[in-house]
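Asker: Pasting a structure below so you can have a look.
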Amino acid sequence: MDIIIKNIPNTITSLNLLCGIAGIICAFSGNPDISFLLMLGAAVFDFLDGFAARALNAYSPMGKELDSLADSVSFGLLPAIMLHRLMAVLSGNVSVWCYIPLIIALFSVLRLAKFNIDERQTENFIGLATPASAMICGSLTYYLLHQTDSFMVPLAQGNFFIPVLAVALSALMVSEIPMFSMKFKKGMSKDSPLYRQRVTFAGIIVVAAVLVLTMGLNWSMIILLSFVAYIIMNLLAKPLFG
């Protein structure tokens, strides 16, 4: 029984990995929009495995390594391939520029390796977390494929917008910029900058949802706006939150 309980978090992590693999297959099969839905599924499993590990007290060195492996696929390789295929679909051909977004996979792995040995990142992050980067890539892909009248479509059809985005996200992932996590803990002071950041971000998500639904935009824009706002908040953390 103990063996079964200890392997529940690893099983959930494996489902994260399975979603990432299935998403990659969908991207290469001409369905990068479905890849985003699978990425969201991977994110749910990524949350649940940690929750299960804490609830069952089932931490293990294997679980930590498996989690990084799953994240490198679901939030590293998958978003890189999605942007690669998005450029190919929108431009109608596969040019050398379409391969630049693949650097996200490389920098995601570097980010995860850094996270595993960086003792400063026990509560918050140093650099952009791979799931946040992936959500921007995935939601952008889904939005542009479903909101074809968006002003961003002509930009994405060019050779610069998506490659520049990929380079920027890659740089943020391995940067030394402090980034807050959304893990609320008991006893946190409501007057602390970290608490205000988290509450503000939750409010931004609500505002983004209201705006997107009111304007009749595709729902994926809620996720895109929220995580772009998350990056901006962290870049301006000191002047905004002290």
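Asker: Quick one: which residue in F75, F45 is hydrophobic (A, V, I, L, M, F, W, C), open to solvent by less than 30 Å² (accessible area, probe 1.4 Å) and not in a loop (DSSP other than H, G, I, E, B)? Please lay out each step first, then the result.
Answerer: Working: F45 fails: open to solvent by less than 30 Å² (accessible area, probe 1.4 Å).
Only one candidate passes the filter, namely F75.
Asker: Starting from residues that are modelled with pLDDT under 90 and part of a loop (DSSP other than H, G, I, E, B), keep the ones in the stretch 1-38 and report whichever is surrounded by the fewest Cβ atoms within 10 Å (Cβ to Cβ). Full working, then the answer.
Answerer: Step one: list which residues in the stretch 1-38 are modelled with pLDDT under 90, which gives 1-11, 30, 32-33.
Then drop every residue that is not part of a loop (DSSP other than H, G, I, E, B), which leaves 1, 30.
On the way: M1: 5, G30: 10.
The residue in question is M1.
Asker: Out of (1) crowded, with 24+ Cβ neighbours inside 10 Å; (2) within 18 Å of L225 (Cβ to Cβ); (3) of a type in the set (D, E), the odd one out for D149 is which?
Answerer: (1)
Asker: Quick one: S175 ticks every box in (1) open to solvent by 50 Å² or more (accessible area, probe 1.4 Å); (2) touching a strand residue (DSSP E or B) at 6+ places or on another chain (Cβ under 9 Å); (3) modelled with pLDDT of 90 or more except a single one, so which number is it?
Answerer: Failing condition for S175: (1).
Asker: Restricting the stretch 117-130 to residues that are open to solvent by 40 Å² or more (accessible area, probe 1.4 Å) and outside any loop (DSSP other than H, G, I, E, B), which is modelled with the lowest pLDDT?
Answerer: Taking the candidates together, the pick is E119.
Asker: Let me ask something additional. Which residues, counting only those in the stretch 206-217, are on the phi < 0 side of the Ramachandran plot and either aromatic (F, W, Y) or surrounded by fewer than 17 Cβ atoms within 10 Å (Cβ to Cβ) (or both)? Talk me through it step by step, then tell me what you get.
Answerer: At the first step, the residues of the stretch 206-217 found to be on the phi < 0 side of the Ramachandran plot are 206-215, 217.
Selection gives V206, V207, A209, V210, L211, L213, T214, M215.
Asker: Are any of the residues in the stretch 49-67 charged (D, E, K, R), under 25 Å from R85 (Cα atoms) and either at pLDDT below 80 or part of a helix (DSSP H, G or I) (or both)?
Answerer: Narrowing the stretch 49-67 to residues charged (D, E, K, R): 49, 54, 64-65, 67.
Next, from what is left, pick out any that are under 25 Å from R85 (Cα atoms): none.
No, the stretch 49-67 has no match at all.
Asker: Test P193 against the stated conditions and say whether it is more than 22 Å from F47 (Cα to Cα), in contact (Cβ under 8 Å) with a residue 12 or more places away in the chain and open to solvent by less than 30 Å² (accessible area, probe 1.4 Å).
Answerer: no
Asker: Still on this structure: Here's a check for you: in the stretch 218-233, which residue that is crowded, with 17+ Cβ neighbours inside 10 Å and farther than 18 Å from M152 by Cα is farthest from the chain's Cα centre (by Cα)?
Answerer: In this case the residue turns out to be M233.
Asker: Let me ask something else about it. Please verify whether the stretch 159-167 includes one or more residues that are touching an Asp or Glu at 6+ places or on another chain (Cβ under 7 Å), under 20 Å from N31 (Cβ atoms) and crowded, with 16+ Cβ neighbours inside 10 Å. Step through it out loud before you land on a result.
Answerer: Residues of the stretch 159-167 that are touching an Asp or Glu at 6+ places or on another chain (Cβ under 7 Å), as a first pass: none.
No: the stretch 159-167 contains no residue that is touching an Asp or Glu at 6+ places or on another chain (Cβ under 7 Å), under 20 Å from N31 (Cβ atoms) and crowded, with 16+ Cβ neighbours inside 10 Å.
Asker: So the check is Cβ under 8 Å with 6+ separation or different chains; which pairs have a first residue in the stretch 84-113 that's in contact (Cβ under 8 Å) with a residue 24 or more places away in the chain and over 22 Å from Q147 (Cβ atoms) and a second one that's open to solvent by 60 Å² or more (accessible area, probe 1.4 Å) and assigned to a helix (DSSP H, G or I)?
Answerer: Listed by first residue and then by second, the contacts come to I100/V167; I103/V167; A105/L77; S108/L77.
The values are calculated or read from the model by the stated rules, or taken from the named source; none is laboratory data. Everything numeric in this text was worked out from a predicted model, so none of it was measured. As a convention, Cβ positions derive from the backbone with ideal geometry for all residues, glycine included, and neighbour counts pool all protein chains shown. The protein model used for the area step is the full one, side chains on, heavy atoms only, and it has no ligands, DNA or RNA in it. Shrake-Rupley method; radii C 1.70, N 1.55, O 1.52, S 1.80 Å.
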